[in-house]
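Let me begin by presenting the structure, written as structure tokens, before commenting on it.
The values are calculated or read from the model by the stated rules, or taken from the named source; none is laboratory data. Just so it is clear, the model here is predicted, and its values are computed rather than measured. Glycine also receives a Cβ, built like all others from the backbone with ideal geometry; neighbour counts cover every protein chain displayed. Ligands, DNA and RNA are excluded from the accessible area calculation, which covers all protein heavy atoms including side chains. Shrake-Rupley method; radii C 1.70, N 1.55, O 1.52, S 1.80 Å.
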Amino acid sequence: MKLASLKHGRDGRLVVVSRDLTRATDAFIVAPTLQAALDDWDRLGPRLQDLADQLEHGSVPSFRFHEHDCASPLPRAYQWADGSAYVNHVELVRKARGAEMPASFWTDPLMYQGGSDSFLGPRDPIALADESWGIDFEGEVAVVTGDVPMGASREEAARAIRLVMLVNDVSLRNLIPAELAKGFGFFQGKPSSAFSPVAVTPDELGDAWDGTKLALPLLSAVKGRPFGCPNAGEDMTFDFPTLIAHAAKTRPLGAGTIIGSGTVSNKDPDGGPGRPIAEGGRGYSCIAEMRTVETLREGRPKTEFLKFGDTVRIEMKDKAGHSVFGAIEQEVVRYGV
């Protein structure tokens, strides 16, 4: 099934959405919000699935579904932890700032705890005060978990995955190096993230989901032009059960925890860092990676970070060409104007 939160109060109004993303029906008879559903998933999940089945058969009242009306599926969450599962991306971005990559990064996942109290809606603007901060998008896949016990195994972690969705993990590249140099992690360099209009249960993904990762291209466009189409199922060094188990090593994770994959990134078939779409490659899921490749190839970056008025679109389509999660589409605007 596909679930969305229409903008309403702090935590949205839960609706069940049709597979083709054209219609929705209110879920208030089951749960008022997605967090409420996740808190009692074993009981309420099957009831939501029944509602989804009735929606597909036209046997419940429905209304036109508009992605512009959506908040993120969880407008705020108790936990947002973003991994960096595509180590190719980590290696490239570290090269860009002159930092060596320890060998342990290939065996021990990177993860940071992000701000989860003010997620952006999928069509909300990215409002920031200064272009000089180096505004970048990061296209990712994320999962939402049920309760995960401390010390959970990979198998327990896999069973805890309730929903899958997309992310734009906004990054301020010119603030990050000095912040990381303090040795205490991201904060100002990671403003509010946005998530796809709908979150879907893994069974909706068919054979593109193997229980651990999602094998479909992640499509991104900047200023209306294709920017990336890497396959999220390839070059993923750490799958989602591994990331969840990593996060739960020393603490339990509450229902509604969001775990991100990090920026989706593919190598070229020859092992190189990947080529732009204009050269027949799969492109990139963030500007920083493209700038790194430009620096490696040409001695300096050419592609600018996002400016006020620029737009970013992130989407994923199934093998038949149908949008799976709806689209994140955002304009960068000056804060306070």
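May I ask for the Kirkwood hydrodynamic radius of the chain, worked out over all distinct Cα pairs and given in angstroms to one decimal?
Details: mean 1/r = 0.0498 Å⁻¹.
With all distinct Cα pairs of the chain included, I get 20.1 Å.
In debye, nearest 20: dipole of the chain around its Cα centre with unit charges on the Cβ of K, R (+) and D, E (-)? Let's see the in-between values first.
Details: 37 positive and 46 negative charges, 128 e Å.
Value, rounded to 20: 620 debye.
Past 19 Å, Cα to Cα: identify those pairs from K213/K319; K2/K190; K190/K317; K267/K317, in the order given.
On the way: K213/K319 16 Å; K2/K190 28 Å; K190/K317 27 Å; K267/K317 21 Å.
Listed pairs above 19 Å: K2/K190; K190/K317; K267/K317.
Quickly estimate the mean residue ellipticity at 222 nm for the chain, helices only: each DSSP H run with n ≥ 4 gives -39500 (n - 2.57), and the total goes over all residues, rounded to 500. Don't skip to the end; give the middle numbers.
On the way: 7 runs with 64 residues, N = 337.
My calculation for the chain gives -5500 deg cm²/dmol from helical runs alone.
Return the long-range amide H neighbours of L120 (sequence gap of 5 or more, or a different chain), with a cut-off of under 5 Å between placed amide H atoms.
Sorted by chain and number, the residues that satisfy this are S193, A194, F195.
Return a whole-number percent for the relative contact order of region 49-158, with Cα pairs under 8 Å and 6 or more residues apart as the contact set.
Working: 65 pairs, mean separation 33.1, N = 110.
Relative contact order here is 30 percent.
With axes computed from alpha carbons, what is the tilt in degrees of helix 87-96 against the longest principal axis of the chain, rounded to the nearest 10 within 0 to 90?
40
Quick one: Karplus J couplings for region 23-33, per residue in order, coefficients 6.51, -1.76, 1.60, θ = phi - 60°, nearest Hz, x for Gly and Pro?
The phi angles translate into 9, 8, 9, 5, 9, 4, 5, 9, 7, x, 9 Hz.
Assign unit charges at the C-beta atoms only (+1 for Lys and Arg, -1 for Asp and Glu), then state the dipole size of region 223-325 relative to its Cα centre in Debye, rounded to the nearest 20.
Values: 15 positive and 13 negative charges, 57 e Å.
So the magnitude is around 280 debye.
Per 0.36 nm of contour for each residue apart, how much would the distance between K317 and S118 grow if the chain were fully extended, relative to their Cα-Cα spacing?
Difference between extended and current length: 68.9 nm.
Can you list residues whose amide H is under 5 Å from R23's amide H, if they're 5+ apart or on another chain and H is modeled 1.01 Å from N?
S18, F65
Mind listing the phi-derived Karplus ³J(HN,Hα) values for region 3-16, rounded to whole Hz, using 6.51, -1.76 and 1.60 with θ = phi - 60°, and x for any glycine or proline?
So the Karplus estimates, Gly and Pro as x, are 10, 9, 10, 6, 5, 6, x, 7, 10, x, 10, 5, 10, 9 Hz.
Taking the Cα centre of region 102-225 as origin and charging only Cβ (+1 Lys, Arg; -1 Asp, Glu), how large is the dipole, in debye to the nearest 20?
Values: 10 positive and 17 negative charges, 50 e Å.
In debye, rounded to 20, region 102-225 gives about 240.
Any idea of the accessible area per residue across the chain, 1.4 Å probe, to the nearest Å²?
Details: 14660 Å² over 337 residues.
Averaged over the residues of the chain, the accessible area is 44 Å².
Nearest 0.05, what FRET efficiency do D203 and R297 give at R0 = 51 Å with Cβ-Cβ as r? Intermediate results must be reported in sequence, preceding the final value.
Numbers: r = 42 Å, r/R0 = 0.83.
Efficiency computed from Cβ-Cβ geometry: 0.75.
Name the residue, out of H66, H89, H57, whose mean-square fluctuation peaks in a Gaussian network model built on the chain with Cα pairs under 10 Å.
H57
Would region 31-172 count as rounded, prolate or oblate if I go by the C-alpha gyration tensor, calling it rounded below 1.5 in a/c and otherwise prolate when a/b exceeds b/c, oblate otherwise?
Values: a/c = 2.62, a/b = 1.47, b/c = 1.78.
Oblate, since a/c reaches 1.5 and b/c is not below a/b.
Could you give the angle, 0 to 90 degrees to the nearest 10, between helix 287-298's Cα long axis and the longest principal axis of the Cα atoms of the chain?
That works out to roughly 30 degrees.
For G283, which sequence-distant residues (separation of 5 or more, or a different chain) have an amide H within less than 5 Å of its own amide H, given hydrogens modelled in the peptide plane?
Correct list: C229, R275, I277.
Enumerate the calculated ³J(HN,Hα) couplings along region 317-329 in order (Karplus 6.51 cos²θ - 1.76 cosθ + 1.60, θ = phi - 60°), each rounded to whole Hz, writing x wherever the residue is Gly or Pro.
Each residue's phi maps through the Karplus curve to give 10, 7, 5, 8, x, 8, 5, 8, 10, x, 10, 7, 9 Hz.
In percent, what relative contact order does region 1-111 have, based on Cα pairs under 8 Å that are 6 or more apart in sequence? It would help to have the intermediate numbers written out before the result.
On the way: 149 pairs, mean separation 29.1, N = 111.
It comes to 26 percent, rounded to a whole number.
For region 164-322, what class follows from the C-alpha gyration tensor (a ≥ b ≥ c being the square roots of its eigenvalues): rounded when a/c is under 1.5, otherwise prolate if a/b is larger than b/c, else oblate? Mind showing how you got there, number by number?
Numbers: a/c = 1.57, a/b = 1.15, b/c = 1.37.
Oblate.
Going 7 Å from the Cα of R154 along its beta-carbon direction, which residues of region 185-208 have the amide nitrogen within less than 16 Å of the resulting point?
The answer is none.
Could you work out the mean projected area of the convex hull around the alpha carbons of region 199-240, in square nanometres to one decimal? The partial results should precede the final answer.
Values: hull surface 14.9 nm².
Projected over every direction and averaged, the Cα hull of region 199-240 covers 3.7 nm².
Classify region 133-213 as rounded, prolate or oblate from the Cα gyration tensor: take a ≥ b ≥ c as the square roots of its eigenvalues, call it rounded if a/c is under 1.5, otherwise prolate when a/b beats b/c and oblate if not.
Working: a/c = 3.13, a/b = 1.70, b/c = 1.84.
Judged from the Cα gyration tensor, region 133-213 comes out oblate (a/c at least 1.5, b/c at or above a/b).
For the chain, what's the relative contact order in percent, using C-alpha pairs closer than 8 Å and at least 6 residues apart? Intermediate results must be reported in sequence, preceding the final value.
On the way: 831 pairs, mean separation 75.3, N = 337.
It comes to 22 percent, rounded to a whole number.
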